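Report on the structure given below.
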Amino acid sequence: MPTIDKTMDPAAVVSRLRSGMTLGIGGWGPRRKPMALVREILRSDLEDLVLVSYGGPDAGMLCAAGKVRKLVFAFVSLDEIPLEPWFRKSREAGAVDVLELDEGMFQWGLKAAALSLPFLPTRVGLGTDLPELGGLKTVTSPYDDGEVLVAMPALKLDAALIHVHRADRRGNVQALGPDTYYDEWFAKAADECFVSCEELVDAMEVARPQDVWANLFERCFVTGVTETPGGAHPTTMPPAYGWDMGWLKKYAAAARDPGDWGAVAEWAVGASEADYLASVGGREGVAALPLPVF
Amino acid sequence: MGATLAELCIVACAETFRTRREIVATGIGPIPRIGAGLAKLTHSPGLMMTDGEAFLVEQPVPLGAAGGERPAPAGYLPFSRFFDSAVWTGRRHAMVTPTQIDRFGQTNLSALGGTHAQPKVQMLGARGFPGNGIYHPNSMFIPAHSPRVFVAGEVDRVSSPGYNPARRVPGGNYRGIDLRRIVTDLCVMDFGGPDRAIRVISLHPGVTFAQVQDATGFELIDAVESETPLPGEEQLALIERLDPRGFRARVFKDNPPAERGAS
């Protein structure tokens, strides 16, 4: 029987992306972000991106590096460092356009895209500044109630990037943490979804059938898979490893001093993923990062 | 030693969460979080809460609790279920600390000053405030009552809806907007005035209404009936259980006593 093989290396993933694309990034704040792929974008000449993200260091770094034309967001945060300093700097310089949303209407927009709908109706946003600032329109219920609702437009993605614990060559994925956030909707809202993983196996039914419940979405939503051990660093990847708060503090402090992305990109991104991983203690060092307590 | 201001505020926050319903109580920050736990352990056993991540627990997680001290999960409420189960069904009461509040109860967590294209100060973003505000009850905890928080006019960006008639789209359904209480370092307020105007309903011991008014950028209604109650022995013991490492002592500078002028 012929087999499907979707494996590629991170550079091949990024070569499938184009400047000007709308790019969704899974995870949540400083949690389970596909940072190895984000770093690969930072090493590339991609620019002019529309970034759709529950923002953490992915949003801060891509904004700081001038890769982002527009950010679609509900927050950008590093959790223990509540305000993402590089994102703030970009915004306060007027360097990045935004569509600011509520967290819930954000996933509503992804769901609309996933379902091939132009919008989904919601009350969320009424009574706030978001609809006017974001150019959101209202829609009137055609039923007897006649209720006026915000029409949350579909957040259609050209591509989505997601990081999981395991994938096989055909695109079956498993994410083992307590929460998978809205990753399934990013995958389904996108024309192409690229998944990085801590561990690549040949066939999930042989390697880890007992964890099949951790399959986030079906393999038809996966365009490519790439193995990037430690690929969520410096964000959390429970139960494998926690965030690297020391790294994040250094990264945050660098927004003030020296304050120039060029001066920190070398250590925050690295010349290659192998260099980067070595600089943060290698696979073992990352695996030893303790899980945070909330 | 008597109760601290932090402990007094915790009890006031717990009172805010009082309910007979089975809803998720979310207290963001140490004082609201301990307050929600205290409410569940005393007068409101129906309250549900998470471990701060994805699991529902029937015993509140003590602040700073490490692995072995954490209660076993009894349910599952990951982000993908949170809006469907808790927020958009109205089965939640959140207590939050916005950067600005105005006389309509509108709050701001997004940005200060400047323009939308270039804010003077970029903050967190609207987070879940727009949805929380229109779907379920909300309260606020403000640790430093001042005109910078309780602003004159409107907040710089409206992140969560309030009771401002000028912000109503005709035909919209605003019945879910339900602002309960604001607990501050000076007093407890509610929205019980004419057209949902903000009233002071209790003053912390040693605080006057004039002091509160001076620290507020808009006119308040004096509906004070009593002092904010001091914690009792049972409440203090439960607070200690919920915060064994004493995070509450760091909320106010020098951890002052509940009764101003006392030492």
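The figures follow:
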item: Cut-off under 5 Å, modelled amide H: who pairs with A:Leu216 long-range; result: A:Val173, A:Ala175
item: Computed FRET value (nearest 0.05) for B:Asn173 with A:Ser279, which takes r as the C-beta separation and R₀ as 41 Å; result: 0.15
item: The stretch A:21-134: Cα Rg divided by the 2.2 N^0.38 Å rule of thumb; result: 1.05
item: Segments A:29-40, B:3-14, B:62-73 sorted - mean Cβ within 10 Å per residue, highest first; result: A:29-40, B:3-14, B:62-73
item: For q = 0.13, 0.20, 0.24 Å⁻¹, Debye-computed log10 I/I(0) when each Cα of the stretch B:4-75 counts as one equal scatterer; result: -0.33, -0.78, -1.07
item: Amide H contacts under 5 Å for B:Val169, placed H, 5+ residues apart; result: A:Gly127
item: The protein assembly as shown: antiparallel DSSP beta bridges as a percent of all, rounded to 5; result: 40
item: Evaluated at q = 0.23, 0.31, 0.32 Å⁻¹: base-10 log I(q)/I(0), Debye formula over Cα of the stretch A:109-158; result: -0.85, -1.12, -1.14
item: Given charges at beta-carbon only (K, R positive; D, E negative), |dipole| of the protein assembly as shown in Debye; result: 480
item: Two-site FRET efficiency, B:Arg180 against B:Val121, from Cβ-Cβ distance with R₀ of 25 Å, rounded to 0.05; result: 0.30
item: The protein assembly as shown shape via C-alpha gyration tensor axes, a/c threshold 1.5; result: prolate
item: Area buried, chain B against chain A - accessible surface, total, 1.4 angstrom probe, square angstrom; result: 4000
item: Shape metrics for the stretch B:1-137, restricted to C-alpha atoms - Rg then Dmax, Å; result: 16.4, 52
item: Cβ neighbours within 10 Å from other chains - mean over B:130-138; result: 6
item: Inter-label distance for B:Glu227 and A:Trp213, nm, one decimal - labels placed 7 Å from Cα along Cα-to-Cβ; result: 5.4
item: Average beta-carbon neighbours from other chains, 10 Å sphere, peptide B:106-113; result: 3
item: Options A:Leu46, A:Ser19, A:Thr122, ranked by Cα towards positive dipole end of the protein assembly as shown, top entry (Cβ charges); result: A:Thr122
item: 10 Å-binned pair-distance histogram of chain B (Cα, whole percent); result: 7, 30, 36, 22, 5, 0
item: Accessible-area order (highest first, 1.4 angstrom probe) of the listed residues A:Ser279, A:Ser196; result: A:Ser279, A:Ser196
item: Förster radius 41 Å - calculated FRET efficiency between A:Leu117 and B:Ala210, Cβ distance, rounded to 0.05; result: 0.15
item: Other-chain or far-sequence residues with amide H under 5 Å of B:Gly75's (modelled H); result: B:Leu56
item: Among B:Arg157, B:Arg167, B:Arg92, residue whose mean-square fluctuation peaks in a GNM of chain B (springs only between Cα atoms under 10 Å); result: B:Arg167
item: Accessible-area value, B:Glu58, 1.4 Å probe, nucleic acids and ligands omitted, Å²; result: 110
item: Accessible area in square angstrom per residue, the protein assembly as shown, 1.4 angstrom probe; result: 39
item: Spin-label zone in the stretch A:260-283 - amide nitrogen under 11 Å from a point set 7 Å from the Cα of A:Ala95 along the C-beta vector; result: A:260-263
item: Farthest positive-ward along the stretch B:113-212 dipole, Cα basis, beta-carbon charges - from B:Ser160, B:Phe150, B:Val183; result: B:Ser160
item: Viscosity 1.306 mPa s, temperature 10 °C, Stokes-Einstein D of the stretch A:83-171 from Kirkwood C-alpha radius, µm²/s; result: 102
item: Stretch gain in nm, segment B:Glu234-B:Arg21, where the contour uses 0.36 nm per residue and the Cα spacing is subtracted; result: 74.3 nm
item: Label-reachable residues, the stretch B:107-135, where backbone N falls under 16 Å from a point 7 Å from A:Ser141's Cα toward its Cβ; result: B:135
item: All lysines inside 29 Å of A:Lys137 as judged from Cα atoms, apart from same-chain residues fewer than 8 positions distant; result: A:Lys67, A:Lys70, A:Lys111, A:Lys156, A:Lys188, B:Lys120
item: Area of B:His116 that stays accessible when all protein chains are in place (1.4 Å probe, Å², to 10); result: 40
item: Chain A - Rg over Rh from alpha carbon coordinates, Kirkwood radius; result: 0.98
item: Residue list for the stretch A:157-174, given a label point 7 angstrom along the Cα-to-Cβ vector of A:Asp5 and an amide N cut-off under 18 Å; result: A:167-172
item: Accessible-area value, A:Trp28, 1.4 Å probe, nucleic acids and ligands omitted, Å²; result: 10
item: Residue among A:Gln174, A:Gln107, A:Gln210 with the largest mean-square fluctuation in a Gaussian network model of chain A, springs linking Cα atoms under 10 Å; result: A:Gln210
item: Neighbouring partner chain Cβ atoms per residue of A:114-127, average, 10 Å criterion; result: 5
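The values are calculated or read from the model by the stated rules, or taken from the named source; none is laboratory data. Please read all numbers here as calculations on a predicted model, not as lab measurements. Quick reminder, even Gly has a Cβ in these numbers, built from the backbone with ideal geometry, and neighbours come from all protein chains shown. These accessible areas exclude ligands, DNA and RNA; they are computed on the full protein's heavy atoms, side chains included. Shrake-Rupley method; radii C 1.70, N 1.55, O 1.52, S 1.80 Å.
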